[in-house]
Each structure stands twice: as structure tokens, then as C-alpha cells.
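The values are calculated or read from the model by the stated rules, or taken from the named source; none is laboratory data. Bear in mind that the values here come from a model prediction, so they are computed numbers and not experimental data. Positions of Cβ are generated from backbone atoms using ideal geometry, with glycine treated the same way; all protein chains shown enter the neighbour counts.
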Amino acid sequence: MGAMKTPGVYIVEKNAFPNSVVEVATAVPAFIGHTEKADNRSKPLAFKPWRISSMAEFHQYYGMAPNPRFNIAVKSDPSALADFTALDKDNKPAEYVLEQPAGKDGGCYTLYNAMRHFFQNGGGPCYVVSVGDYTQDVDLDKFNRGIEELLKEQEPTMLVIPEAVLFKQPDCISLQQNMLAHCGDKMRNRVAILDVWGGDKPRNDPGGDPVDAFRNSLGINFLNYAAAYYPWVNTTVVGENELSYENIASADVLQALLRSELGLPEAAPDGASLKVKEQIQAIADITKDWSALDPKPTADAILANKAMLNKTLGTISPLFNTIMELVRGKLNLMPPSAAMAGIYTMVDNSRGVWKAPANVSLSGVVSPAVTISAVDQEDLNVTTQGKSINAIRSFIGEGVLVWGARTLDGNSLDWRYINVRRTMIMLEESCRLAAKALVFEPNVANTWITIKSMIQNFLTSIWKRGGLAGAVPEDAFSVHCGLGETMTPDDILEGILRVTVLVAMVRPAEFIEITFQQQMQKS
């Protein structure tokens, strides 16, 4: 207080306790991708990070799902697998494949379903950066710009781009390298969750090993700020009632296949039965323009007519049901990064950021796209190059589990495990934000004791919750601050206050060895 100049009684209050360190959020992913719209009550949200906490909010600000469209084509590559076999217009068996054109032509955007899978696996608050709508093709420059926009946000702790795999492999790697630079060089307070391009294919695929291609192309910079997962997963995100005959772009080919299957002509012959006439009409209605009827039906009536037609086609044609199931399977084959962001959130909320996000089952997942055995995982987990890739495996009686918790920097003893990296980020950010209150305070012993007590109290609370290793706090951490201990007289003159914090991190029991040996009979 100021000098006492007037006689009287003066009250002086002194703080009895040090400032507290508030633990920062650890599970706030940022997603980048295409959305139907980007609008907040007529205010554009394009290229603007926006915080949401549910799919309802996503619908409010970013709209609904894209309309995927598939072409039916005769298989041209002899080495490729056919999706289905059917009779062609000449009633001869032929092999067909379902192809979804890239970008706007095929409605090939995956952010919407990735967000659904994220919330299905325990996701919570997150940021979304819309880089375009469903009328635009994917553009690498726009995604890189979306990453740059996240430089303005301090809260996100994870970076996820599910649509990175929609690019060609070199462009996908370029985008992922930019993600690594953003997390490890520019921000240093978040991690990237990466997908392996072509992760739906086995490692002995004729087109090449997707894991080796990923490792060879990614480089070695900032690997301890990222984790990658293989293989992709077959999910149940897209339901049967979400698809219809309108998802087949080549409607004329579909009509020809259904007519060949049922042995029907294009027009009903004289004397045809009512059943045959109804089947022919149903197939013809696939290309019908319902809005051109006179009088024009209402929007609800059009939807009802289309739903009835779709149900009729499913009733009369097993081939139609097969094609719809194949379309659903292709849409439900998803890279796992969004689901893993949900797993990180769920584990952080239930156990803490220091618990490894592994040995946890994935919700909404039927099976991995590639079956991995323990022998197959050896090269994924431990490799001479150090780029560990976490496996997603199926176990009998347990379901589909995440069976790995390593960063891409698998040879580093400091940053081998993703939970160690993320825990250290949480400790660093929490202490950094708390210490801002002491900037420009006198660089004297009182300030040193204050900041030391503040960090010690925070680390004690983390230790009590199991976030640090050690039987007693002295074994778990130590905080050092003071002249002759962490600072020199020159540091004081330069206005530098140095604090050294040593912490014993919790590392997962990745390998458990139980030794058995025989002993002599005692009775």
C-alpha cells in the first residue's frame, strides 16, 4: 500500500495461498474438411475454426451429409476383385465394380461420417474448419489454409483431417507433413492423428505395401507429435435407410441389370400379368422425374413416392439389395483417425490423459479392413526406422481393439508413447498459462517461492490422481527455482526467471512377462 500520511486505521490484506495452476483441456480435436454449408445465422464460417460439442450443433452450422453417387462399370482390370456378378443385357454373366468418382462428381466427402464416428466413440467438444462445400473438389491449398487458420486457436489439442486420404498419395503425404510441422514446430501444444493412405489394403497388395509407402514418404521431422493407425475399419455409421436407388449415378445400367435379372422387357407385352407390369413400371421409375408431374406433388409426397419405389425395388430384386449393401459397405469403410480422436477423449475423461489410449474397443466398428496377427504387428510396432504404427486388431470374444499406443517416433525413449507426449503437453501448457500472472513481477525470492509452490501444488494433485510415477511426491517430481540454482546474476539483470521441473512420467506396461518355473514337491 502507499505511504501513510493521514492518522487513522489502515487495513492490509495479504494472500495466504499461492496462485493455482488450472489443468488445461486435453481432448479437443480440430477437424478440417468439406461441409454442406458453413453458416452461423448468415455469418460465414468458411475457413473459420468454430467450436461445437455435438452432431446437432454440426447440423446447425455445417449442414447434413453429402449425397454419394456410384457408377456401375464392367470390371476392366483382370487383377482387381469384382464387387458383384450379374447378367448383362445379352443375358451373359459379367463382373461389375462400383466406382465412386472423386470430389463433387461422386459426392466423395468423408468429414460428415467421420464426425458421426467421432461422437459415437466418446467424442466431445471439438473445432471444425470448413474448407469448402459439396460443389467443390478437394484442393490441397485449401486444406493447408485450414491448418494455418488453427494457428489462432490455443484450445485444440489434436489435429485430424479424415479427408486427407481422398488425395493422391503424394498430396496426402504433403498434407500430413504440414500437419506435423503445425503440431511440432509452430504450436507445440497438440498432436496429429494420421491415417495410412491405402490403409484398407493388405501389406502384400499387388499395388504395393501401404505401410512401407507411408514410412518412406513421411520424413523424420516432428514424429513425436503424431500417431498413425492401421488398418482402416468397417463401420456401421451409414445405415440402410440412408441409401436408395438415387445413390446409383448410372441409372440406365442399373435398369438394364434388373431387367436381365428378372427376365423383363423394357415395355410390358400384351397379356402380361399385373405383377410383371408392376415390376416393369418400378424399374422404369428409377429415372422418373417426380417433380415434372402435373399437378406437381408436394415435397413430402415426392419423398414418400421415392421411399416406396426404393422399397419395391428391394422387394422384387435380390440384386438391387446386393448392390445397396455393397454401396453401404464402401461408405462404411473409413480411416480410423476420427474414431481415435473419440477414443482419446473418452480415455482422457474416464482415466486421464496419462492413460495410454489402447486396449480399448472401438464402437460402431464391425471389423478391421485387414486382419492383423501378432506376427504381422511386429513390424508395425518395432522397426529399425522407428516409425511405429499402431495396429487395430480383432480378438475373439473381445471385439475390435486398439492395440498400440506409440507415437511415430518409436525409437525415442523420451517420446515413444502417445500418452507421455500428451501428458507433457498438458503439464507444460497448464504451467505456462498459470505463470503468465507473474510476468513483470519482481524477480526476487518471494516470486520464486510463489511460482515454485504453485507448480508443486499442481503436480501433487496430478500425482495423487495417478498421473506421475512414484511412491511419494518426492519421487514423482521436483521443482527448482532460485539464484545459484537455476539462475545466474546475469539472468537476473536480463529479467529472466528460470524454473526447472523434473517429472517422472507414467509409461504403459506394453510388454508383460510372467515367468514360470518348477519347484520341488513339499508334501
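Values for this structure:
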| item | result |
| --- | --- |
| Test: residue in the stretch 73-89 that is buried (at least 20 other Cβ atoms within 10 Å of the Cβ), at pLDDT 95 or above and part of a loop (DSSP other than H, G, I, E, B) | no |
| The stretch 344-362 residues that are over 14 Å from Gly404 (Cβ atoms), paired with ones that are of a type in the set (Lys, Arg) and in a helix (DSSP H, G or I) (beta carbon under 6 Å, 6 or more apart) | Val353/Arg422 |
| Positions within the stretch 191-207 being within 19 Å of Ser388 (Cα to Cα) and of a type outside the set (A, V, I, L, M, F, W, C), in sequence order | Asp195, Gly198, Gly199, Asp200, Lys201, Pro202, Arg203, Asn204 |
| Boolean, Asn204 is closer than 16 Å to Asn224 by Cα and surrounded by fewer than 24 Cβ atoms within 10 Å (Cβ to Cβ) | no |
| So Ala38, is it closer than 22 Å to Leu175 by Cβ and of a type in the set (Gly, Ala, Ser) | yes |
| Any hit, the stretch 472-492, residues being closer than 26 Å to Tyr417 by Cβ and in contact (Cβ under 8 Å) with a residue 40 or more places away in the chain | no |
| Subset of the stretch 262-291 (residues that are under 21 Å from Asn247 (Cβ atoms) and either surrounded by fewer than 12 Cβ atoms within 10 Å (Cβ to Cβ) or charged (D, E, K, R) (or both)) | Asp285, Thr287, Lys288, Asp289, Ser291 |
| Verdict on Glu23 being at pLDDT below 95, closer than 23 Å to Met158 by Cβ and in a loop (DSSP other than H, G, I, E, B) | yes |
| Yes/no for Arg203 being more than 17 Å from the chain's Cα centre (by Cα), in a helix (DSSP H, G or I) and basic (Lys, Arg) | no |
| Any chance Gly122 is assigned to a loop (DSSP other than H, G, I, E, B), of a type in the set (Gly, Ala, Ser) and farther than 20 Å from Ala80 by Cβ | yes |
| For Asn121: the one exception among (1) touching a helix residue (DSSP H, G or I) at 6+ places or on another chain (Cβ under 9 Å); (2) without any contact (Cβ under 8 Å) to a residue 12 or more places away in the chain | (2) |
| Pairs where the first residue, in the stretch 167-191, is assigned by TED's automatic domain parsing to the domain that holds Tyr225 and in contact (Cβ under 8 Å) with a residue 60 or more places away in the chain and the second is among the charged types (D, E, K, R) and buried (at least 17 other Cβ atoms within 10 Å of the Cβ), C-beta under 8 Å, 6+ apart | Asn189/Glu429; Val191/Arg421; Val191/Arg422 |
| Members of the stretch 281-314 found to be more than 37 Å from the chain's Cα centre (by Cα) and more than 20 Å from Ala249 (Cα to Cα), listed by number | Leu293, Asp294, Pro295, Lys296, Pro297, Thr298, Ala301 |
| Test result for Pro318, out of contact with any Pro (no Cβ under 8 Å at 6 or more places or on another chain), over 23 Å from Asp83 (Cβ atoms) and surrounded by fewer than 18 Cβ atoms within 10 Å (Cβ to Cβ) | no |
| Top-ranked residue in the stretch 46-59 [being in contact (Cβ under 8 Å) with a residue 12 or more places away in the chain, within 23 Å of Gly239 (Cβ to Cβ) and not hydroxyl-bearing (Ser, Thr, Tyr); ranked as surrounded by the fewest Cβ atoms within 10 Å (Cβ to Cβ)] | Met55 |
| Set Leu159, Leu180, Leu175, Leu194: member being outside any helix (DSSP H, G or I) and farther than 13 Å from Val129 by Cα | Leu194 |
| Condition met for Phe70 (over 30 Å from Val253 (Cβ atoms), in contact with a helix residue (DSSP H, G or I) (Cβ under 7 Å, 6 or more places away or on another chain) and not aliphatic (A, V, I, L, M)) | no |
| Val370 being surrounded by 18 or more Cβ atoms within 10 Å (Cβ to Cβ), in contact with a strand residue (DSSP E or B) (Cβ under 7 Å, 6 or more places away or on another chain) and among the aliphatic types (A, V, I, L, M) | no |
| Some residue of the stretch 198-209 being farther than 27 Å from Gly329 by Cβ, in contact (Cβ under 8 Å) with a residue 12 or more places away in the chain and basic (Lys, Arg) | no |
| So Arg41, is it surrounded by fewer than 16 Cβ atoms within 10 Å (Cβ to Cβ) and within 24 Å of the chain's Cα centre (by Cα) | no |
| 3 or more residues among the hydrophobic types (A, V, I, L, M, F, W, C) and in the same structural domain as Ala226 (by TED's automatic domain parsing): qualifying strands (runs of 3 or more DSSP E) within the stretch 389-482 | 390-395, 399-403 |
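For (1) among the aromatic types (Phe, Trp, Tyr); (2) surrounded by fewer than 19 Cβ atoms within 10 Å (Cβ to Cβ), each residue gets a yes or a no:
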position	(1), (2)
Thr312	no, yes
Ile323	no, no
Tyr344	yes, no
Gln385	no, yes
Ser394	no, yes
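Matching residues to (1) within 18 Å of Thr26 (Cα to Cα); (2) of a type in the set (A, V, I, L, M, F, W, C); (3) surrounded by 13 or more Cβ atoms within 10 Å (Cβ to Cβ):
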| position | (1), (2), (3) |
| --- | --- |
| Arg432 | yes, no, no |
| Cys481 | no, yes, yes |
| Ile496 | no, yes, no |
| Ala504 | no, yes, yes |
